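Report on the following structure.
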Ligand SMILES: *Cc1c(COP(=O)(O)O)cnc(C)c1O
(Lines give C-alpha, C1' and ligand atoms only; values in the text may rest on other atoms or scores of the structure.)
Protein backbone atom coordinates (compact mmCIF):
# COMPACT_ATOMS: atom_id res chain seq x y z
CA UNK A 1 0.00 0.00 0.00
CA UNK A 2 1.32 3.42 -0.87
CA UNK A 3 0.99 6.23 1.58
CA UNK A 4 2.13 8.89 -0.82
CA UNK A 5 -0.47 11.58 -0.89
CA UNK A 6 -3.14 12.12 -3.44
CA UNK A 7 -2.53 15.62 -4.72
CA UNK A 8 -5.95 15.97 -6.28
CA UNK A 9 -7.33 18.68 -4.09
CA UNK A 10 -10.79 17.24 -3.67
CA UNK A 11 -9.45 14.21 -1.77
CA UNK A 12 -9.98 15.48 1.73
CA UNK A 13 -12.55 18.06 0.84
CA UNK A 14 -16.19 18.46 1.58
CA UNK A 15 -17.80 19.56 -1.68
CA UNK A 16 -15.45 20.58 -4.46
CA UNK A 17 -12.56 23.00 -4.26
CA UNK A 18 -13.31 26.43 -5.66
CA UNK A 19 -10.36 26.47 -8.04
CA UNK A 20 -8.53 23.43 -9.36
CA UNK A 21 -5.06 24.20 -10.69
CA UNK A 22 -2.67 22.05 -12.71
CA UNK A 23 -0.25 21.27 -9.89
CA UNK A 24 -2.53 21.77 -6.94
CA UNK A 25 -0.68 25.01 -6.07
CA UNK A 26 -2.96 27.95 -5.36
CA UNK A 27 -1.70 31.48 -5.71
CA UNK A 28 1.70 31.35 -4.07
CA UNK A 29 0.67 28.61 -1.67
CA UNK A 30 2.60 25.60 -2.93
CA UNK A 31 1.74 21.95 -2.51
CA UNK A 32 4.66 20.16 -0.92
CA UNK A 33 5.39 16.48 -1.46
CA UNK A 34 7.40 14.42 1.03
CA UNK A 35 11.19 14.37 0.62
CA UNK A 36 10.82 10.68 -0.24
CA UNK A 37 8.53 11.59 -3.11
CA UNK A 38 11.07 13.97 -4.67
CA UNK A 39 13.91 11.49 -4.13
CA UNK A 40 16.41 11.73 -6.99
CA UNK A 41 18.97 8.94 -6.35
CA UNK A 42 22.52 10.25 -6.55
CA UNK A 43 21.60 13.93 -6.08
CA UNK A 44 23.63 14.41 -2.95
CA UNK A 45 24.97 17.79 -1.96
CA UNK A 46 28.44 16.75 -0.74
CA UNK A 47 31.47 15.26 -2.42
CA UNK A 48 33.31 12.98 0.01
CA UNK A 49 36.59 11.24 -0.79
CA UNK A 50 36.49 7.46 -1.13
CA UNK A 51 37.48 6.13 2.31
CA UNK A 52 39.53 3.32 0.70
CA UNK A 53 39.93 -0.01 2.45
CA UNK A 54 39.25 0.05 6.16
CA UNK A 55 37.97 -2.34 8.77
CA UNK A 56 34.72 -1.11 10.31
CA UNK A 57 34.68 -1.29 14.09
CA UNK A 58 30.91 -1.69 14.34
CA UNK A 59 31.00 -5.46 14.81
CA UNK A 60 27.64 -7.04 14.08
CA UNK A 61 25.70 -3.80 14.01
CA UNK A 62 27.05 -2.41 10.73
CA UNK A 63 24.29 -1.55 8.24
CA UNK A 64 23.80 -4.29 5.66
CA UNK A 65 21.52 -2.77 3.00
CA UNK A 66 20.93 0.63 1.47
CA UNK A 67 20.40 3.46 3.92
CA UNK A 68 17.04 4.30 2.33
CA UNK A 69 17.22 8.06 2.78
CA UNK A 70 16.03 10.30 -0.04
CA UNK A 71 18.60 12.08 -2.21
CA UNK A 72 17.76 15.70 -2.88
CA UNK A 73 19.79 18.72 -3.87
CA UNK A 74 20.47 21.57 -1.45
CA UNK A 75 18.00 24.01 -3.08
CA UNK A 76 15.32 21.33 -2.98
CA UNK A 77 15.96 20.76 0.73
CA UNK A 78 15.87 24.49 1.47
CA UNK A 79 12.61 24.96 -0.43
CA UNK A 80 11.06 21.88 1.11
CA UNK A 81 11.58 23.05 4.68
CA UNK A 82 10.82 26.69 3.92
CA UNK A 83 7.49 25.70 2.36
CA UNK A 84 6.67 23.45 5.30
CA UNK A 85 7.48 26.26 7.73
CA UNK A 86 4.99 28.49 5.92
CA UNK A 87 2.21 25.96 6.47
CA UNK A 88 2.55 26.35 10.21
CA UNK A 89 0.28 29.08 11.51
CA UNK A 90 2.15 31.05 14.14
CA UNK A 91 1.72 33.85 16.63
CA UNK A 92 4.13 35.85 14.44
CA UNK A 93 1.59 35.69 11.58
CA UNK A 94 -1.60 36.86 13.20
CA UNK A 95 -4.15 36.76 15.99
CA UNK A 96 -4.23 33.40 17.74
CA UNK A 97 -7.28 33.56 20.04
CA UNK A 98 -6.98 29.99 21.31
CA UNK A 99 -8.57 30.04 24.77
CA UNK A 100 -6.70 28.35 27.64
CA UNK A 101 -3.48 28.25 25.58
CA UNK A 102 -2.32 31.87 26.05
CA UNK A 103 -0.79 32.37 22.62
CA UNK A 104 0.95 35.67 23.32
CA UNK A 105 3.80 37.43 21.58
CA UNK A 106 7.28 36.00 22.26
CA UNK A 107 9.42 39.11 22.82
CA UNK A 108 12.53 39.25 20.63
CA UNK A 109 14.62 40.44 23.57
CA UNK A 110 14.12 37.00 25.15
CA UNK A 111 15.39 35.36 21.98
CA UNK A 112 18.44 37.61 21.98
CA UNK A 113 19.27 36.72 25.59
CA UNK A 114 18.94 32.98 25.08
CA UNK A 115 21.38 33.12 22.17
CA UNK A 116 24.14 34.60 24.31
CA UNK A 117 26.93 32.04 23.89
CA UNK A 118 27.27 31.43 27.64
CA UNK A 119 23.69 30.15 27.70
CA UNK A 120 23.34 28.77 24.18
CA UNK A 121 26.54 26.70 24.30
CA UNK A 122 26.35 25.45 27.88
CA UNK A 123 26.20 21.67 28.23
CA UNK A 124 24.29 20.04 31.09
CA UNK A 125 27.27 17.79 31.91
CA UNK A 126 29.74 20.65 32.33
CA UNK A 127 31.41 20.88 35.76
CA UNK A 128 29.37 23.03 38.17
CA UNK A 129 32.17 25.57 38.48
CA UNK A 130 31.87 26.44 34.76
CA UNK A 131 28.09 27.07 34.77
CA UNK A 132 27.70 29.24 37.85
CA UNK A 133 25.88 31.90 35.82
CA UNK A 134 23.35 29.35 34.56
CA UNK A 135 22.68 28.16 38.12
CA UNK A 136 22.32 31.74 39.29
CA UNK A 137 19.75 32.32 36.55
CA UNK A 138 17.75 29.20 37.52
CA UNK A 139 17.87 30.43 41.11
CA UNK A 140 16.68 33.86 39.97
CA UNK A 141 13.68 32.45 38.08
CA UNK A 142 12.87 30.29 41.11
CA UNK A 143 13.01 33.35 43.35
CA UNK A 144 10.64 35.38 41.15
CA UNK A 145 8.15 32.51 40.87
CA UNK A 146 8.13 32.00 44.64
CA UNK A 147 7.67 35.73 45.21
CA UNK A 148 4.89 36.07 42.66
CA UNK A 149 2.98 33.08 44.03
CA UNK A 150 3.74 33.63 47.72
CA UNK A 151 5.03 30.06 48.07
CA UNK A 152 8.12 28.89 50.00
CA UNK A 153 9.54 26.18 47.68
CA UNK A 154 9.72 25.24 44.02
CA UNK A 155 10.57 22.32 41.72
CA UNK A 156 12.05 23.69 38.50
CA UNK A 157 12.50 20.56 36.40
CA UNK A 158 8.98 19.75 35.05
CA UNK A 159 8.90 20.26 31.30
CA UNK A 160 5.28 21.37 30.79
CA UNK A 161 2.06 22.11 32.63
CA UNK A 162 0.94 18.49 32.51
CA UNK A 163 4.38 17.39 33.71
CA UNK A 164 4.07 19.91 36.57
CA UNK A 165 0.73 18.37 37.50
CA UNK A 166 2.45 14.99 37.61
CA UNK A 167 5.10 16.51 39.88
CA UNK A 168 2.53 18.08 42.21
CA UNK A 169 0.31 15.02 42.50
CA UNK A 170 3.34 12.74 43.04
CA UNK A 171 4.43 15.09 45.84
CA UNK A 172 0.93 14.86 47.35
CA UNK A 173 1.07 11.10 47.14
CA UNK A 174 4.54 10.99 48.71
CA UNK A 175 3.37 13.25 51.55
CA UNK A 176 0.35 11.04 52.22
CA UNK A 177 2.43 7.84 52.10
CA UNK A 178 4.88 9.45 54.51
CA UNK A 179 2.14 10.53 56.90
CA UNK A 180 0.51 7.09 56.87
CA UNK A 181 3.79 5.17 56.99
CA UNK A 182 2.92 3.12 53.91
CA UNK A 183 0.90 3.34 50.68
CA UNK A 184 -1.86 5.84 51.35
CA UNK A 185 -5.43 4.68 51.75
CA UNK A 186 -6.61 8.01 50.33
CA UNK A 187 -7.44 7.05 46.75
CA UNK A 188 -9.78 9.80 45.51
CA UNK A 189 -8.99 13.17 43.94
CA UNK A 190 -11.72 15.74 43.40
CA UNK A 191 -11.69 17.62 40.08
CA UNK A 192 -14.28 20.17 38.89
CA UNK A 193 -16.19 19.17 35.75
CA UNK A 194 -14.84 22.24 33.93
CA UNK A 195 -11.20 21.13 34.39
CA UNK A 196 -8.62 20.81 31.64
CA UNK A 197 -8.30 17.16 30.62
CA UNK A 198 -4.77 16.94 31.99
CA UNK A 199 -6.08 17.26 35.59
CA UNK A 200 -8.11 14.02 35.72
CA UNK A 201 -5.50 12.32 33.51
CA UNK A 202 -2.75 13.20 35.99
CA UNK A 203 -4.76 11.97 38.96
CA UNK A 204 -5.48 8.69 37.15
CA UNK A 205 -1.84 8.20 36.10
CA UNK A 206 -0.83 8.60 39.75
CA UNK A 207 -3.21 5.82 40.75
CA UNK A 208 -6.09 7.89 42.11
CA UNK A 209 -9.73 7.70 41.15
CA UNK A 210 -11.25 10.92 39.85
CA UNK A 211 -14.44 12.31 41.33
CA UNK A 212 -16.01 15.20 39.40
CA UNK A 213 -17.36 18.23 41.27
CA UNK A 214 -20.22 19.95 39.43
CA UNK A 215 -20.00 23.62 38.49
CA UNK A 216 -22.74 25.86 39.82
CA UNK A 217 -24.91 28.19 37.72
CA UNK A 218 -22.22 30.88 37.98
CA UNK A 219 -19.61 28.61 36.32
CA UNK A 220 -17.71 28.22 39.60
CA UNK A 221 -16.99 25.23 41.86
CA UNK A 222 -20.12 24.31 43.78
CA UNK A 223 -18.67 24.52 47.32
CA UNK A 224 -21.58 22.67 48.90
CA UNK A 225 -21.26 19.78 46.44
CA UNK A 226 -17.51 19.74 47.09
CA UNK A 227 -17.94 19.68 50.88
CA UNK A 228 -20.41 16.80 50.59
CA UNK A 229 -17.78 14.73 48.82
CA UNK A 230 -15.14 15.10 51.53
CA UNK A 231 -14.29 11.93 53.39
CA UNK A 232 -11.19 10.24 54.77
CA UNK A 233 -10.41 8.63 51.40
CA UNK A 234 -9.90 12.01 49.69
CA UNK A 235 -6.27 12.74 48.79
CA UNK A 236 -6.81 16.21 47.41
CA UNK A 237 -8.54 18.59 45.06
CA UNK A 238 -7.29 20.09 41.79
CA UNK A 239 -8.71 23.53 40.94
CA UNK A 240 -7.84 25.89 38.13
CA UNK A 241 -7.96 29.58 39.03
CA UNK A 242 -9.04 31.57 37.09
CA UNK A 243 -10.97 28.54 35.89
CA UNK A 244 -11.40 27.31 32.34
CA UNK A 245 -14.61 29.33 31.96
CA UNK A 246 -12.39 32.41 32.33
CA UNK A 247 -13.84 33.16 35.78
CA UNK A 248 -12.17 33.76 39.13
CA UNK A 249 -12.94 31.13 41.77
CA UNK A 250 -13.95 33.28 44.75
CA UNK A 251 -14.15 30.50 47.35
CA UNK A 252 -10.50 29.42 47.35
CA UNK A 253 -9.83 30.11 51.04
CA UNK A 254 -12.92 28.21 52.15
CA UNK A 255 -12.05 25.31 49.83
CA UNK A 256 -8.49 25.25 51.22
CA UNK A 257 -9.75 25.11 54.80
CA UNK A 258 -12.23 22.35 54.00
CA UNK A 259 -9.74 20.16 52.15
CA UNK A 260 -7.07 20.61 54.82
CA UNK A 261 -9.53 19.83 57.63
CA UNK A 262 -10.40 16.65 55.73
CA UNK A 263 -6.69 15.68 55.59
CA UNK A 264 -6.19 16.31 51.85
CA UNK A 265 -4.02 18.66 49.79
CA UNK A 266 -4.91 21.51 47.47
CA UNK A 267 -3.48 21.40 43.93
CA UNK A 268 -3.97 24.61 41.96
CA UNK A 269 -3.65 24.47 38.18
CA UNK A 270 -1.78 27.70 37.44
CA UNK A 271 -2.07 27.64 33.64
CA UNK A 272 -4.16 30.82 33.80
CA UNK A 273 -1.77 32.68 36.09
CA UNK A 274 -1.36 35.38 33.42
CA UNK A 275 -4.75 36.76 34.50
CA UNK A 276 -3.65 37.40 38.09
CA UNK A 277 0.16 37.64 38.09
CA UNK A 278 1.28 40.58 40.21
CA UNK A 279 -2.22 40.97 41.68
CA UNK A 280 -2.98 37.76 43.58
CA UNK A 281 -0.53 35.44 45.33
CA UNK A 282 -2.10 31.96 45.20
CA UNK A 283 -0.08 31.04 48.30
CA UNK A 284 -2.21 33.51 50.27
CA UNK A 285 -5.29 31.51 49.29
CA UNK A 286 -4.03 28.35 51.03
CA UNK A 287 -2.92 26.15 48.14
CA UNK A 288 -0.27 23.42 48.51
CA UNK A 289 1.13 23.33 45.01
CA UNK A 290 0.68 24.93 41.63
CA UNK A 291 2.37 24.55 38.27
CA UNK A 292 3.21 27.62 36.24
CA UNK A 293 3.35 27.33 32.46
CA UNK A 294 6.33 29.53 31.55
CA UNK A 295 5.15 29.14 27.94
CA UNK A 296 1.86 30.79 28.80
CA UNK A 297 2.25 33.41 31.53
CA UNK A 298 5.93 34.16 30.91
CA UNK A 299 5.80 34.36 27.10
CA UNK A 300 8.15 31.55 26.12
CA UNK A 301 7.31 30.09 22.68
CA UNK A 302 5.04 27.07 22.34
CA UNK A 303 2.64 25.46 19.92
CA UNK A 304 5.38 24.29 17.58
CA UNK A 305 7.76 27.06 18.64
CA UNK A 306 9.58 25.31 21.44
CA UNK A 307 9.27 23.05 24.44
CA UNK A 308 7.19 23.98 27.48
CA UNK A 309 8.37 24.50 31.03
CA UNK A 310 6.17 23.87 34.07
CA UNK A 311 7.89 24.69 37.38
CA UNK A 312 5.81 23.79 40.45
CA UNK A 313 5.65 25.90 43.59
CA UNK A 314 5.14 23.96 46.83
CA UNK A 315 3.90 24.69 50.34
CA UNK A 316 5.93 23.85 53.46
CA UNK A 317 3.91 20.64 53.77
CA UNK A 318 4.91 19.36 50.31
CA UNK A 319 8.37 20.94 49.94
CA UNK A 320 10.28 17.99 51.50
CA UNK A 321 9.00 15.68 48.77
CA UNK A 322 10.10 17.80 45.78
CA UNK A 323 11.97 15.88 43.07
CA UNK A 324 15.72 16.19 42.58
CA UNK A 325 17.65 18.03 41.29
CA UNK A 326 17.55 21.51 42.77
CA UNK A 327 19.99 24.40 42.91
CA UNK A 328 21.58 25.34 46.25
CA UNK A 329 23.72 28.33 47.07
CA UNK A 330 26.55 27.59 49.49
CA UNK A 331 29.93 29.03 50.44
CA UNK A 332 31.51 27.76 47.23
CA UNK A 333 28.81 29.21 45.01
CA UNK A 334 25.95 27.36 43.34
CA UNK A 335 25.63 23.60 42.96
CA UNK A 336 22.96 21.01 42.26
CA UNK A 337 21.54 18.51 44.73
CA UNK A 338 21.28 15.48 42.46
CA UNK A 339 20.64 12.52 44.78
CA UNK A 340 18.29 11.74 47.63
CA UNK A 341 21.36 10.86 49.76
CA UNK A 342 22.56 14.45 49.51
CA UNK A 343 19.14 15.92 50.28
CA UNK A 344 19.51 16.20 54.06
CA UNK A 345 16.13 15.88 55.80
CA UNK A 346 14.22 16.12 52.56
CA UNK A 347 12.57 13.01 51.08
CA UNK A 348 12.46 13.64 47.33
CA UNK A 349 9.97 11.39 45.56
CA UNK A 350 12.50 10.83 42.79
CA UNK A 351 13.51 12.53 39.56
CA UNK A 352 11.18 13.66 36.76
CA UNK A 353 13.60 14.56 34.04
CA UNK A 354 17.19 14.29 32.94
CA UNK A 355 19.14 17.32 34.13
CA UNK A 356 17.60 20.43 35.65
CA UNK A 357 14.75 21.57 33.39
CA UNK A 358 14.29 23.60 30.21
CA UNK A 359 17.25 25.97 30.43
CA UNK A 360 16.38 27.89 27.25
CA UNK A 361 12.92 28.59 28.63
CA UNK A 362 14.32 29.73 31.98
CA UNK A 363 16.50 32.30 30.20
CA UNK A 364 13.57 33.60 28.15
CA UNK A 365 11.26 33.74 31.17
CA UNK A 366 13.89 35.57 33.21
CA UNK A 367 14.38 38.13 30.45
CA UNK A 368 10.60 38.60 30.41
CA UNK A 369 10.41 39.03 34.20
CA UNK A 370 13.30 41.47 34.39
CA UNK A 371 12.16 43.51 31.39
CA UNK A 372 8.64 43.87 32.82
CA UNK A 373 9.52 44.23 36.48
CA UNK A 374 6.95 43.90 39.23
CA UNK A 375 4.76 46.74 37.93
CA UNK A 376 5.01 45.48 34.36
CA UNK A 377 3.88 41.97 35.28
CA UNK A 378 0.87 43.40 37.07
CA UNK A 379 0.15 45.40 33.92
CA UNK A 380 0.25 42.16 31.93
CA UNK A 381 -2.58 40.77 34.05
CA UNK A 382 -4.52 44.04 33.87
CA UNK A 383 -4.28 44.23 30.09
CA UNK A 384 -5.01 40.55 29.51
CA UNK A 385 -8.24 40.95 31.50
CA UNK A 386 -9.09 44.27 29.85
CA UNK A 387 -8.66 42.85 26.34
CA UNK A 388 -10.87 39.83 27.06
CA UNK A 389 -13.58 42.05 28.54
CA UNK A 390 -13.36 44.36 25.51
CA UNK A 391 -13.98 41.37 23.24
CA UNK A 392 -16.90 40.07 25.29
CA UNK A 393 -18.54 43.47 25.56
CA UNK A 394 -18.22 44.11 21.81
CA UNK A 395 -19.72 40.72 20.94
CA UNK A 396 -22.29 40.07 23.65
CA UNK A 397 -25.15 41.73 21.72
CA UNK A 398 -24.76 39.28 18.81
CA UNK A 399 -23.18 36.20 20.43
CA UNK A 400 -24.22 34.54 23.69
CA UNK A 401 -21.76 34.73 26.62
CA UNK A 402 -21.98 31.53 28.63
CA UNK A 403 -22.05 33.38 31.96
CA UNK A 404 -23.09 36.86 33.05
CA UNK A 405 -20.72 39.51 34.29
CA UNK A 406 -17.11 40.36 33.56
CA UNK A 407 -14.54 37.69 32.76
CA UNK A 408 -10.85 37.34 33.53
CA UNK A 409 -8.31 36.84 30.70
CA UNK A 410 -10.57 34.86 28.36
CA UNK A 411 -14.21 35.01 27.39
CA UNK A 412 -16.54 32.11 26.86
CA UNK A 413 -19.52 31.91 24.53
CA UNK A 414 -21.98 29.08 23.99
CA UNK A 415 -23.80 28.27 20.76
CA UNK A 416 -27.27 29.62 21.60
CA UNK A 417 -26.76 32.44 19.11
CA UNK A 418 -26.46 29.84 16.34
CA UNK A 419 -29.77 28.17 17.23
CA UNK A 420 -31.86 27.39 14.14
CA UNK A 421 -29.18 28.72 11.76
CA UNK A 422 -27.95 25.27 10.66
CA UNK A 423 -24.44 26.41 11.62
CA UNK A 424 -22.51 24.62 14.38
CA UNK A 425 -19.59 25.83 16.49
CA UNK A 426 -17.33 23.76 14.24
CA UNK A 427 -18.72 25.34 11.04
CA UNK A 428 -18.28 28.79 12.55
CA UNK A 429 -14.65 28.04 13.42
CA UNK A 430 -13.98 26.72 9.90
CA UNK A 431 -15.45 29.90 8.40
CA UNK A 432 -12.99 31.93 10.50
CA UNK A 433 -10.14 30.19 8.65
CA UNK A 434 -11.29 31.62 5.33
CA UNK A 435 -11.26 35.04 6.98
CA UNK A 436 -7.60 34.57 7.94
CA UNK A 437 -8.18 33.85 11.64
CA UNK A 438 -7.02 30.92 13.66
CA UNK A 439 -10.17 29.73 15.43
CA UNK A 440 -10.74 30.06 19.13
CA UNK A 441 -10.81 26.96 21.35
CA UNK A 442 -13.96 24.97 20.57
CA UNK A 443 -16.11 22.61 22.61
CA UNK A 444 -14.02 23.24 25.74
CA UNK A 445 -14.76 23.52 28.59
CA UNK A 446 -17.21 20.64 28.33
CA UNK A 447 -19.70 22.20 30.74
CA UNK A 448 -20.81 24.75 28.14
CA UNK A 449 -22.77 23.68 25.04
CA UNK A 450 -20.88 24.30 21.78
CA UNK A 451 -18.29 26.31 23.73
CA UNK A 452 -16.14 28.99 22.07
CA UNK A 453 -13.34 30.13 24.36
CA UNK A 454 -11.51 33.27 23.21
CA UNK A 455 -8.27 34.46 24.80
CA UNK A 456 -6.92 37.57 23.07
CA UNK A 457 -3.97 38.03 25.50
CA UNK A 458 -2.51 41.39 26.43
CA UNK A 459 -0.23 41.54 23.40
CA UNK A 460 -3.06 42.08 20.90
CA UNK A 461 -3.50 45.76 19.96
CA UNK A 462 -6.86 47.54 20.00
CA UNK A 463 -6.70 47.70 16.22
CA UNK A 464 -6.14 43.92 16.05
CA UNK A 465 -9.02 43.32 18.45
CA UNK A 466 -11.36 45.61 16.47
CA UNK A 467 -10.62 43.74 13.25
CA UNK A 468 -11.24 40.41 14.96
CA UNK A 469 -14.51 41.69 16.44
CA UNK A 470 -15.65 43.02 13.05
CA UNK A 471 -15.01 39.63 11.44
CA UNK A 472 -16.87 37.79 14.18
CA UNK A 473 -19.86 40.14 13.90
CA UNK A 474 -19.95 39.76 10.11
CA UNK A 475 -19.88 35.97 10.40
CA UNK A 476 -22.73 36.04 12.91
CA UNK A 477 -24.75 38.23 10.48
CA UNK A 478 -24.07 35.79 7.68
CA UNK A 479 -25.11 32.79 9.79
CA UNK A 480 -28.29 34.56 10.87
CA UNK A 481 -29.04 35.53 7.25
CA UNK A 482 -29.41 31.83 6.41
CA UNK A 483 -26.10 31.31 4.61
CA UNK A 484 -25.49 27.96 6.29
CA UNK A 485 -24.29 26.31 3.05
CA UNK A 486 -21.23 28.56 3.00
CA UNK A 487 -20.43 27.66 6.61
CA UNK A 488 -20.87 23.94 6.10
CA UNK A 489 -18.55 24.09 3.04
CA UNK A 490 -15.89 26.17 4.83
CA UNK A 491 -12.96 26.43 4.71
CA UNK A 492 -12.68 26.80 0.96
CA UNK A 493 -9.41 28.74 0.79
CA UNK A 494 -7.03 26.66 2.89
CA UNK A 495 -4.60 24.15 1.32
CA UNK A 496 -6.58 21.34 2.96
CA UNK A 497 -10.20 21.53 3.94
CA UNK A 498 -12.02 19.41 6.49
CA UNK A 499 -9.72 16.66 7.60
CA UNK A 500 -10.78 13.55 9.46
CA UNK A 501 -8.99 14.59 12.64
CA UNK A 502 -10.27 11.62 14.62
CA UNK A 503 -8.86 9.13 12.12
CA UNK A 504 -5.60 11.09 12.01
CA UNK A 505 -5.30 10.89 15.80
CA UNK A 506 -6.47 7.29 16.15
CA UNK A 507 -4.68 5.77 13.17
CA UNK A 508 -1.76 8.06 12.42
CA UNK A 509 0.26 7.11 9.37
CA UNK A 510 3.79 7.81 10.49
CA UNK A 511 5.65 5.74 7.97
CA UNK A 512 6.03 6.30 4.26
CA UNK A 513 6.22 3.21 2.11
CA UNK A 514 7.34 3.32 -1.50
CA UNK A 515 4.82 2.74 -4.21
CA UNK A 516 4.95 -0.89 -5.37
CA UNK A 517 5.30 -1.15 -9.19
CA UNK A 518 2.08 -2.55 -10.65
CA UNK A 519 3.61 -5.71 -12.18
CA UNK A 520 5.14 -6.70 -8.85
CA UNK A 521 1.97 -5.94 -6.98
CA UNK A 522 0.02 -8.26 -9.27
CA UNK A 523 2.12 -11.31 -8.34
C1 LIG B 1 -2.36 24.47 29.06
C2 LIG B 1 -3.08 23.93 30.23
C3 LIG B 1 -2.62 22.79 30.92
C4 LIG B 1 -1.51 21.90 30.41
O5 LIG B 1 -0.32 22.57 30.20
P6 LIG B 1 0.77 22.04 29.13
O7 LIG B 1 1.91 22.94 29.34
O8 LIG B 1 0.11 22.17 27.80
O9 LIG B 1 1.07 20.62 29.46
C10 LIG B 1 -3.28 22.42 32.07
N11 LIG B 1 -4.35 23.10 32.51
C12 LIG B 1 -4.84 24.19 31.87
C13 LIG B 1 -6.01 24.93 32.43
C14 LIG B 1 -4.22 24.64 30.70
O15 LIG B 1 -4.70 25.71 30.06
Subject >> Condition check for residue 253: surrounded by 24 or more Cβ atoms within 10 Å (Cβ to Cβ), at pLDDT 95 or above and either not assigned by TED's automatic domain parsing to the domain that holds residue 353 or not in a loop (DSSP other than H, G, I, E, B) (or both) >> reply: no
**OP:** Please specify each residue of region 192-232 satisfying the condition of being surrounded by 15 or more Cβ atoms within 10 Å (Cβ to Cβ), within 13 Å of the ligand (Cβ to nearest atom) and assigned to a loop (DSSP other than H, G, I, E, B).
**Re:** 194, 195, 196
Original post:
Do you know which of the residues in region 260-272 that are surrounded by 24 or more Cβ atoms within 10 Å (Cβ to Cβ) and touching a residue at least 60 places away in the same chain (Cβ under 8 Å) is nearest to the ligand (Cβ to nearest atom)?
Top reply: 271
Original post:
Which one of the conditions (1) under 30 Å from residue 376 (Cβ atoms); (2) out of contact with any helix residue (DSSP H, G or I) (no Cβ under 7 Å at 6 or more places or on another chain); (3) assigned to a helix (DSSP H, G or I) does residue 459 fail to meet, given that it meets all the rest?
Top reply: (3)
**OP:** Would you mention how many residues in region 388-428 are touching a residue at least 60 places away in the same chain (Cβ under 8 Å) and assigned to a strand (DSSP E or B)?
**Re:** 2
**OP:** Scan the helices (runs of 4 or more DSSP H) fully inside region 114-182 and keep the ones with 1 or more residues being assigned by TED's automatic domain parsing to the domain that holds residue 205, within 22 Å of residue 208 (Cα to Cα) and without any contact (Cβ under 8 Å) to a residue 12 or more places away in the chain.
**Re:** 161-180
Original post:
So residue 434 fits all but one of (1) surrounded by fewer than 24 Cβ atoms within 10 Å (Cβ to Cβ); (2) in contact with a strand residue (DSSP E or B) (Cβ under 7 Å, 6 or more places away or on another chain); (3) touching a residue at least 60 places away in the same chain (Cβ under 8 Å); what number is the exception?
Top reply: (2)
Original post:
Has region 364-387 got at least one residue that is in contact (Cβ under 8 Å) with a residue 24 or more places away in the chain, in a helix (DSSP H, G or I) and touching a strand residue (DSSP E or B) at 6+ places or on another chain (Cβ under 9 Å)?
Top reply: no
Original post:
How many residues are within 16 Å of the ligand (Cβ to nearest atom) and within 15 Å of residue 316 (Cα to Cα) if we restrict to region 154-168?
Top reply: 2
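The values are calculated or read from the model by the stated rules, or taken from the named source; none is laboratory data. Quantities reported herein were computed from a predicted structural model and do not represent experimental measurements. Note that we place each Cβ from the backbone using ideal geometry, even for glycine, and neighbour counts take in every protein chain shown.
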